[in-house]
Amino acid sequence: MSGVWVFKNGVVRLVENGAASEAGAGGVRKRKALVHTPSGQVVRSYTELEGELRALGWERYYEDPALYQFHKRGSLDLISLPADFSRFSSVHMYDIVIKNRDSFRVVDI
């Protein structure tokens, strides 16, 4: 179950993802994109993302086929992403940005 919590007229309700754009400000829902800051390129696949993360010292774990997981040696950080890139959301993007502050950013598209 995912969506947006909306507070209106003293009532809080969960609006599912499909209907979230209707509940947003002005009915406009902004999409997000993960950008590799040094190159300015938008990350469009896990292949591209994996290459950039490897260059930053991240190693991929292959234990769980339902996830793409990356770990950085000498750190407790773990990046876990859904195996299906279409389920890659802004929450995952911000997780990558927080753990790689100078290398990635999230932008509205």
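Rounded if a/c is under 1.5, else prolate if a/b beats b/c, else oblate: with a ≥ b ≥ c from the C-alpha gyration tensor eigenvalues square-rooted, which is segment 46-109? Cα axes put segment 46-109 in the oblate bin.
Dividing the radius of gyration of the alpha carbons in the chain by their Kirkwood radius gives 1.04 for Rg/Rh. Computed from phi, the 3J(HN,Hα) profile of segment 90-102 under the Karplus parametrisation 6.51, -1.76, 1.60 (θ = phi - 60°) reads 5, 4, 5, 4, 5, 4, 5, 5, 4, 8, 9, 4, 8 Hz, with x in place of Gly and Pro. Mean residue ellipticity at 222 nm from the helices of the chain, using -39,500 (n - 2.57) per DSSP H segment of n ≥ 4 over the full residue count, to the nearest 500 deg cm²/dmol? Value at 222 nm, helices only, nearest 500: -7000 deg cm²/dmol.
What's the magnitude of the charge dipole for the chain around its Cα centre, counting Lys and Arg as +1 and Asp and Glu as -1 at the beta-carbon? Answer in Debye, nearest 20.
Working: 15 positive and 13 negative charges, 76 e Å.
Roughly 360 debye, rounded to the nearest 20.
Working from label points 7 Å from Cα in the Cα-to-Cβ sense, the Glu50 to Phe7 distance is 4.3 nm.
Each peptide in 58-64, 77-83, 47-53 was scored by the mean count of other Cβ atoms within 10 Å over its residues; highest first, the order is 47-53, 77-83, 58-64.
For segment 27-70, the mean projected area of the C-alpha convex hull, equal to one quarter of the hull surface, is 4.5 nm².
Angle check, please: helix 46-55 long axis (alpha carbons) against the longest principal axis of the chain (alpha carbons), in degrees 0 to 90, nearest 10. That works out to roughly 50 degrees.
What ranking of Asp102, Asp95 comes out by heavy-atom accessible area, probe 1.4 Å, highest first?
Working: Asp102 135, Asp95 45 Å².
The ordering from most to least exposed comes out as Asp102, Asp95.
The values are calculated or read from the model by the stated rules, or taken from the named source; none is laboratory data. All figures in this text were calculated on a predicted structure; none of them were measured in a lab. Heads up, the Cβs are rebuilt from the backbone with ideal geometry, glycines too, and the neighbour counts pull from every protein chain shown. Heavy atoms of the whole protein, side chains included, go into the accessibility calculation; ligands, DNA and RNA do not. Shrake-Rupley method; radii C 1.70, N 1.55, O 1.52, S 1.80 Å.
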